[in-house]
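Report on the following structure.
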Amino acid sequence: MNLVNQLAGLLEQNAQLYEQMCVKAEEEARAIQTADFARLDELLKERENLALKLRLLDENRKSLVAKIAQSIGKRGEEITLGWLADIQANETVKAGLLAAKDRLVAASEKAKDLSDFNRRLIGRAMTTIRESLRFASVLIGQPDTYSNGRTVAGRMPSGMMVTKAY
């Protein structure tokens, strides 16, 4: 089946994109840890581009699975890679499908794990920044407010009108 070979090729491309996504996620973690925000911005754009390519491949995969399903008289939802590999007479095609499936599953799980790690890393960084700002504001204190040439210390917000001059 030529369609099955095309599907195996699409799955290989999908796995390659997920592996590229993993490399980008690892680079993102380094950029987050070193506070290299310019590099982080570049990496996010690159990952968005990879995500777009993955969506396009997914649409092609769905279309191809629908064609395969139609050619064997089944619905697309009924077809799994394991089942499709089992019905193949050619052992090379069968092995290729199963290898592509395993590679895709491994790459997508690794990409998910790395993304979750980066999410936690960003969350911790935000907590650290928030706590540092809170500590700094306690050390610095509230700004002084001035009225008629004298300083009014306390918890009045900066720029608050203390007395009217008119």
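Pairing residues of region 124-145 that are surrounded by fewer than 10 Cβ atoms within 10 Å (Cβ to Cβ) and of a type in the set (S, T, N, Q) with residues that are modelled with pLDDT under 90 and assigned to a helix (DSSP H, G or I), at Cβ distances under 6 Å and at least 6 apart in sequence or on separate chains, gives no pairs at all.
This table checks each residue for (1) touching an Asp or Glu at 6+ places or on another chain (Cβ under 9 Å); (2) in a helix (DSSP H, G or I).
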{"position": "89", "(1), (2)": "no, no"}
{"position": "93", "(1), (2)": "no, yes"}
{"position": "99", "(1), (2)": "yes, yes"}
{"position": "102", "(1), (2)": "no, yes"}
{"position": "110", "(1), (2)": "yes, yes"}
{"position": "124", "(1), (2)": "no, yes"}
{"position": "127", "(1), (2)": "no, yes"}
{"position": "134", "(1), (2)": "no, yes"}
{"position": "138", "(1), (2)": "no, yes"}
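The condition (being surrounded by 15 or more Cβ atoms within 10 Å (Cβ to Cβ), among the charged types (D, E, K, R) and assigned to a helix (DSSP H, G or I)) is satisfied by just one residue among 39, 55: 39.
The values are calculated or read from the model by the stated rules, or taken from the named source; none is laboratory data. These numbers were taken from a predicted model, which means no experiment stands behind them. Counting neighbours? That spans all protein chains shown, and the Cβs are built from the backbone with ideal geometry, glycine included.
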